[in-house]
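The values are calculated or read from the model by the stated rules, or taken from the named source; none is laboratory data. All values derive from a computational prediction rather than experimental measurement. Every residue, glycine as well, gets a Cβ built from its backbone with ideal geometry; the counts of neighbours run over all protein chains shown. With ligands, DNA and RNA removed, areas are computed over all heavy atoms of the protein, side chains included. Shrake-Rupley method; radii C 1.70, N 1.55, O 1.52, S 1.80 Å.
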Amino acid sequence: MPQAANPAERAAIDALLGPPASGWDGGTRTDLDGHVAFGGLHGAAADRHLLLPALWEIQDQIGHISKGAMNYICERLSVPPADAYGVASFYSLLATSDRSSRIAHVCDDIACRNAGATEILEELSDRADVHTGPCLGQCERAPAAFFQLAGQRDRVVAPATTSAIQDVLDLNRVAEPTPVAESTPQLRNGAQDLSVMARVGRVDPLSLDSYLAHGGYIALRRALTMGPQAVVTEVKESKLRGRGGAAFPMGIKWEAVAAEPAADKYVVCNADESEPGTFKDRVLIEGDPFAIVEAMTIAGYAVGAGTGYFYIRGEYPDAQSSFEEAVQSARRAGLLGADIEGSGFGFDIEVRRGAGAYICGEETALFNSIEGFRGEPRQKPPFPTQAGLFGKPTVINNVETLINVLAIVTAGGDTFAGTGSAESTGTKVFCLSGHVHRPGVYEVEFGASLGELLAMAGGVVGDFKAALVGGAAGSFLMGDRLDLPLTFEATRNAGASLGSGVIMAFNSDTDFVDLVLRIGAFFRDESCGQCVPCRVGTMRQEESLLRLAAGSGDEGSLLADVAQVMSDSSICGFGHAASWAVQSALRSGLIGGSS
Amino acid sequence: MTAVPLGEPRRLVSLTIDGQEVTAPEGSTVLDACRRQDIDVPTLCYLENLTPVNTCRVCMVEVEGSRTLVPSCSREITEGLEVRTDSERVATSRKLVFELLVSSIDMSLVDAPTLGWMNHYEVDAERFGSAAKTVDQEVKIQDDLYVRDYGKCMLCYKCVEACGEDAQNTFAIAVAGRGFDSGISTEFDTPLPESACVYCGNCVAVCPTGALMFKTEYDMRAEGSWDESAQSVTTTICPYCGVGCNLELHVQDNEIVKVTSPIDHDVTSGHLCIKGRFGYEHVQNR
Ligand SMILES: Cc1cc2nc3c(=O)[nH]c(=O)nc-3n(C[C@H](O)[C@H](O)[C@H](O)COP(=O)(O)O)c2cc1C
Ligand code: SF4
Ligand code: SF4
Ligand code: FES
Ligand code: FES
């Protein structure tokens, strides 16, 4: 007899999915059940996308997912239990065995370990309810901790101390997080002329009226009068490139999806932001959520999509609630839903919460995650523009990329293309952390150099040694690169990559072996495990780095071989990039003993 | 009056493979096109009767214009495609993928073609040292029919596909966990007899590494009596129902030791049910 859900588990699922309709999906069996069909295979497949939300509901309410709760979810959604277990066990924020219902995830990633996380974790090492984990996207207020508190809203504490962590776990005492404007030095200093961040810190993120008073929805109204085709043309002319890491021209994607004849198309906003050292999207979502709602609506209008999905990483409870409130306000005001502003165009947004898996930021893994499957990337082609979410043509863009659309539609693609550099138009929001005096996000017109950005962040604490640009999937730039303009083209020509705009500065006291080991562990931990080069290669890379740290001098050729096979033969960008930071640390002599 | 063609007519697509102009029907994969030319391409996770999952990455080829290598088993050919299967880069990658694989799992029971490829690419099983972490674990014997030794599992997803959408539609197993720690599992690692498993044996039949094995074979191997060279294979039709599945009876010393079905058989595509697979005791009831 399969285990049954207890009443609390059942109630949590029924609150999300509504009561079961019949004996077929977990309700009480009646005589009628033998005589009617309930949706069949199509009905069942249609509900699979609710698997992750249902697992989250149990995780949130109960603190772990029991066999009984899983069985009930599977009955309700017609998902095989083995499949559901495969999905749940993929995510590090979902627990499939009993554990404490109050868990602290303390970040021990690059910025935090340089800001005291290691010491905190040592002090708390005897607590089973304190886990370590990768970057929480709070690097400007390192060290950070994320709390999963069953029955309560999840919380973030940053900067965290040993006693603050104990207070949350033992006494339920949580300090309110600092508003983004206060933890963002550029805004604190009243910087003018910002574009993507123009409203952050000025607008009340929870008020539609405030958004409207700050120029909100001018772009959508303009778009609706221009017509979809013209919007796509402006976006193309802007030469805007994606800010999520791949730097792909946005206009080309939009044009491709707009040209698809399919009836169902989707817009997806990638707010998974899990690249170590990246926290800009969090600041943007918390500070100006309506801008994203508006930009997604414009995207839907331009390409002919009626539904948008906003996929946000599970460690951003504050950003998620501010976005959800914005969606609700927009709906109430008729700015989402059927017939927006009397245009005949209808659009709405669904929010999906990631559950602790860096790989779900990869676009096709993200689609699988939304669809209720394991977050495993798909082999491309087909590209998302042809077969994306639910197999339909899909535009997927990063949060920052999308916000740029507002300026493009308002001022025109040409004007936008006139700013920044030839191939990198507009502005870029950089995430500065590590050994700088004023860590935070900084928006600059493309063209500013590494040195200029470090100076904006108050300069380096101590003697500058290297900056990790682009995050764990990036590379180290040394002192001879301080003049390098941080544009897509200049970094590419320098053999580096801008990635999502991470700049982590390190001074000469930094233990680079420790740091690169953490990067190696990150890739081993976060590999989805699907393909051999990456699943085994990231493990072998880490083992080799451990030997290197222990004094072995002979790891270079092995690391190079692993790097080559991972970048040549892995399925996705994760495996392709898993060796970049390690290789650049070796090349620049930060590790490997040749400095 | 035109005759009605049998089967869908397929346009021929031309491409070059290793400098040779070749053609293959539209919809073929690069692997299909290579095999038409008798070009040997290693494969592990690919099987004719399953949807390609392209996870093993031993079938990689170079395609002009692609930054990375491309899995030949799933890439559809297009007009003018330029493919290289014989470059240094391809050989290096295949060799390394095999070396990574053999460093992480026990490959002692892989089939002859796989051993051939490993020899061809001069795979060094010790490339990553003897301390390299493996997926070695306790063998699972939970019933009289299957043995599951996931220390040999290469995560080719074949068993999952055969159990699920591609054949059995039972969905008793799936990949669980993540990264190096992922593995094939029932829900919560429930013992197989308590899971949804119907013991069709289709997972065992498709497993390329011997991670899944019929218990008869496992026991005979354990006592040292398993001898494929002493086995004959007799094709017959399953006596149980009217579907007409072809069975291949593997017989050693006048005992049926294993039952399979030909992969190119249009009734079964190689898949069977529990009766055809295991219901042979009555034949031997002498
Ligand atoms: C391993 C991996 C992780 C990624 N993570 C993110 C992410 O967290 N956020 C994001 O916007 N893009 C991420 N991307 C890039 C996306 O795949 C995709 O290119 C992007 O969302 C497209 O949006 P854009 O064109 O606006 O940048 C990631 C890519 C890879 C390979
Ligand atoms: S490269 Fe790594 S993360 Fe990407 S599909 Fe392969 S195993 Fe998964
Ligand atoms: S058990 Fe066999 S068939 Fe299943 S994934 Fe592992 S190697 Fe492949
Ligand atoms: S929050 Fe810890 S490194 Fe980013
Ligand atoms: S056979 Fe092509 S990837 Fe496995």
Within the stretch A:561-576, restricting to residues that are surrounded by 24 or more Cβ atoms within 10 Å (Cβ to Cβ) and under 16 Å from A:ILE519 (Cα atoms), the one that is nearest to the other protein chains (Cβ to nearest Cβ) is A:VAL562
Does B:THR55 fit the bill of being open to solvent by less than 10 Å² (accessible area, probe 1.4 Å) and either at the interface with chain A (Cβ under 9 Å from one of its Cβ atoms) or of a type in the set (Asp, Glu) (or both)? yes
A:TRP24 vs. criteria at pLDDT 95 or above, closer than 23 Å to B:ALA174 by Cβ and among the aromatic types (Phe, Trp, Tyr): no
Restricting attention to the stretch A:144-165, does a residue exist that is within 16 Å of ligand 2 (Cβ to nearest atom) and under 18 Å from the mean Cα position of the chain (by Cα)? no
Selection status of A:SER92, in contact with a strand residue (DSSP E or B) (Cβ under 8 Å, 6 or more places away or on another chain), farther than 28 Å from A:VAL461 by Cβ and at pLDDT 95 or above: yes
How many residues are farther than 24 Å from A:GLY244 by Cβ and in a loop (DSSP other than H, G, I, E, B) when one looks only at the stretch A:440-470? 5
So A:TYR442 clears everything in (1) in the same structural domain as A:GLY501 (by TED's automatic domain parsing); (2) closer than 24 Å to A:TYR309 by Cβ except one condition, right? Which one? (2)
The condition from (1) open to solvent by less than 20 Å² (accessible area, probe 1.4 Å); (2) within 20 Å of A:GLY245 (Cβ to Cβ) that A:GLU555 misses is numbered (2)
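Have a look at B:GLU82, B:GLU76, B:GLU122 and point out the one that is open to solvent by 60 Å² or more (accessible area, probe 1.4 Å) and within 15 Å of ligand 5 (Cβ to nearest atom). It would help to see each step written out before you state the result.
Details: B:GLU82 fails: within 15 Å of ligand 5 (Cβ to nearest atom); B:GLU122 fails: within 15 Å of ligand 5 (Cβ to nearest atom).
After ruling out the rest, the residue left standing is B:GLU76.
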Determine whether the stretch B:93-110 contains at least one residue that is part of a loop (DSSP other than H, G, I, E, B) and surrounded by fewer than 13 Cβ atoms within 10 Å (Cβ to Cβ). yes
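Wholly within the stretch B:138-226, which strands (runs of 3 or more DSSP E) include no fewer than the required count, namely at least 1 residues that are without any contact (Cβ under 8 Å) to a residue 60 or more places away in the chain?
On the way: elements: B:146-148, B:174-176, B:183-185, B:212-214.
Per the criteria, B:174-176, B:183-185.
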Just the residues that are more than 13 Å from the chain's Cα centre (by Cα) and not aromatic (Phe, Trp, Tyr), please, taken from the stretch A:352-374. A:THR364, A:ASN368, A:ILE370, A:GLU371, A:GLY372, A:ARG374
The stretch A:542-573 - residue that is assigned to a loop (DSSP other than H, G, I, E, B) and within 16 Å of ligand 1 (Cβ to nearest atom) and, of those, nearest to B:LEU96 (Cα to Cα): A:SER570
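Going by the conditions given, is B:VAL139 over 16 Å from the mean Cα position of the chain (by Cα), over 27 Å from B:THR29 (Cβ atoms) and more than 9 Å from chain A (Cβ to nearest Cβ)?
Details: over 16 Å from the mean Cα position of the chain (by Cα): yes; over 27 Å from B:THR29 (Cβ atoms): yes; more than 9 Å from chain A (Cβ to nearest Cβ): yes.
For B:VAL139, the condition - over 16 Å from the mean Cα position of the chain (by Cα), over 27 Å from B:THR29 (Cβ atoms) and more than 9 Å from chain A (Cβ to nearest Cβ) - is met.
Among the candidates A:ALA150, A:ALA164, which residue alone is hydrophobic (A, V, I, L, M, F, W, C), away from every other protein chain (no Cβ under 14 Å), out of contact with any helix residue (DSSP H, G or I) (no Cβ under 9 Å at 6 or more places or on another chain) and away from ligand 1 (no atom under 16 Å from the Cβ)? I'd like the intermediate steps shown before the answer.
Values: A:ALA150 fails: out of contact with any helix residue (DSSP H, G or I) (no Cβ under 9 Å at 6 or more places or on another chain).
Exactly one of A:ALA150, A:ALA164 is hydrophobic (A, V, I, L, M, F, W, C), away from every other protein chain (no Cβ under 14 Å), out of contact with any helix residue (DSSP H, G or I) (no Cβ under 9 Å at 6 or more places or on another chain) and away from ligand 1 (no atom under 16 Å from the Cβ), namely A:ALA164.
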For the subset of the stretch A:95-122 comprising residues that are within 14 Å of chain B (Cβ to nearest Cβ) and farther than 15 Å from A:GLY133 by Cα, which member is nearest to ligand 1 (Cβ to nearest atom)? A:THR96
Subset of the stretch A:1-22 (residues that are touching a residue at least 40 places away in the same chain (Cβ under 8 Å) and farther than 20 Å from A:ARG48 by Cα): A:PRO2, A:GLN3, A:ALA4, A:ASN6, A:ALA8
Can you tell me which of B:GLY179, B:GLY164, B:GLY116 is open to solvent by less than 50 Å² (accessible area, probe 1.4 Å), more than 14 Å from every other protein chain (Cβ to nearest Cβ) and not charged (D, E, K, R)? B:GLY116
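Just checking: which of the helices (runs of 4 or more DSSP H) contained wholly in the stretch A:263-352 hold 3 or more residues that are polar (S, T, N, Q) and at pLDDT 95 or above?
Correct list: A:317-332.
Please work out which residue is most open to solvent (accessible area, probe 1.4 Å), limiting yourself to the stretch B:58-73 and to residues that are in contact with an Asp or Glu (Cβ under 6 Å, 6 or more places away or on another chain) and within 16 Å of ligand 2 (Cβ to nearest atom). Steps first, answer last, please.
Filtering the stretch B:58-73 for residues in contact with an Asp or Glu (Cβ under 6 Å, 6 or more places away or on another chain) gives B:64, B:68-69.
Next, from what is left, pick out any that are within 16 Å of ligand 2 (Cβ to nearest atom): B:68-69.
Numbers: B:THR68: 22, B:LEU69: 3 Å².
Restricting to residues being in contact with an Asp or Glu (Cβ under 6 Å, 6 or more places away or on another chain) and within 16 Å of ligand 2 (Cβ to nearest atom), the top hit is B:THR68.
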Out of A:LEU545, A:LEU515, which single residue is open to solvent by less than 20 Å² (accessible area, probe 1.4 Å), within 16 Å of ligand 4 (Cβ to nearest atom) and of a type outside the set (Val, Ile, Thr)? A:LEU515
Quick check on B:GLY151: is it of a type outside the set (Asp, Glu) and facing chain A (nearest Cβ under 9 Å)? no
Answer with yes or no whether B:ASN49 is more than 14 Å from chain A (Cβ to nearest Cβ), closer than 18 Å to B:CYS156 by Cβ and away from ligand 4 (no atom under 16 Å from the Cβ). yes
Condition (residue is surrounded by fewer than 24 Cβ atoms within 10 Å (Cβ to Cβ), part of a loop (DSSP other than H, G, I, E, B) and not basic (Lys, Arg)) applied to the stretch A:250-260: is it met by at least one residue? yes
